[in-house]
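A short write-up of the structure that comes next.
The values are calculated or read from the model by the stated rules, or taken from the named source; none is laboratory data. Since the model is a prediction, treat every value here as computed from it, not as a measurement. Here the Cβ is made from the backbone with ideal geometry for all residues, glycine too, and neighbour counts use every protein chain on show.
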Amino acid sequence: MSSASTAYVLSTRALSAALIAEAASRGIVIDVVPFIATEKREDETLTNRLADLARGPLTAIFTSTNAVTAVFADTNAAMAKEAAANWKIFCLNGATRRAAAERFGENAIAGAADSAKELAETIIGHETSDTCWFFCGDKRREELPEKLKTAGWKVHEIVVYRTILTPHRIDKPYDAVIFFSPSAVESFFSRNTPGPRIRLFAIGRTTAAAIRAKCPNPVVISEQPDEQILIRQIIATHDSGKK
């Protein structure tokens, strides 16, 4: 990060107005330019399948807030309540866990972890069943299902949303860029090459690995997969650079 009094940061995903204001109060101007978009699958067959799954016990896995919100729309509160009573939910910490707790209730969450690999280990160590349902997007990563399958698990993958790359050419100079998913990394680097002095921030280790595959710049990884924690790390980095 720049040691100047004001730092300019590009976020590749939308952030809350409160976080942007908090950063601004500490001399960090954050511009938001989304590099991916997501859309819920609108499919009658999928809707019927989710309704059937809600009625029975199962081990459910979520690694993104998009998957949580796509499984049962707000209009399907009754089905979400039914699932909350039947499902054991495993999810990533941070925003995904908050979304799962909001939709299904804290009691439905059987375990959580900071990365897909750790989440798979948590599931394997916690559950006696060897069957699970992974609710995901069409660009989901391999780490979690592959680790579960290697351990002998049967993984039913249900694609509940699609990810669409929305690349942009960025000409404005920035001190740092924030990434929240490997898909955003792919989209950003398809049209941009950051200068060697630009600091890159990642929400987690998988996203950091995707950045490192594209660029030799230093990457700072969030202490937890939580945008609030990541933004506060950026603020701390900026403050330390001014000393």
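Quick notes on this structure:
- Selection from the stretch 227-243 of residues that are assigned to a loop (DSSP other than H, G, I, E, B) and either touching a residue at least 40 places away in the same chain (Cβ under 8 Å) or over 24 Å from ALA24 (Cβ atoms) (or both): LYS242
- Boolean, LYS139 is within 24 Å of ARG49 (Cα to Cα), in contact (Cβ under 8 Å) with a residue 12 or more places away in the chain and surrounded by 14 or more Cβ atoms within 10 Å (Cβ to Cβ): yes
- In the set (1) surrounded by 12 or more Cβ atoms within 10 Å (Cβ to Cβ); (2) hydrophobic (A, V, I, L, M, F, W, C); (3) within 28 Å of ARG205 (Cα to Cα), ALA17 fails one condition alone, (1).
- Test result for VAL68, surrounded by fewer than 19 Cβ atoms within 10 Å (Cβ to Cβ), of a type in the set (A, V, I, L, M) and within 29 Å of ILE203 (Cα to Cα): no
Conditions tested, residue by residue: (1) among the polar types (S, T, N, Q); (2) over 24 Å from LYS139 (Cα atoms); (3) over 16 Å from the mean Cα position of the chain (by Cα); (4) in the same structural domain as GLY27 (by TED's automatic domain parsing).
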position	(1), (2), (3), (4)
ALA208	no, no, no, yes
PRO216	no, yes, yes, yes
SER222	yes, no, no, yes
GLN228	yes, yes, no, yes
ILE231	no, yes, no, yes
THR237	yes, yes, yes, yes
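- Exclusive hit being under 21 Å from VAL220 (Cβ atoms) and of a type in the set (Lys, Arg), set ARG103, ARG13, ARG49, ARG97: ARG13
- Of the residues making up the stretch 207-226, just one is surrounded by fewer than 20 Cβ atoms within 10 Å (Cβ to Cβ) and touching a residue at least 60 places away in the same chain (Cβ under 8 Å), namely GLN224.
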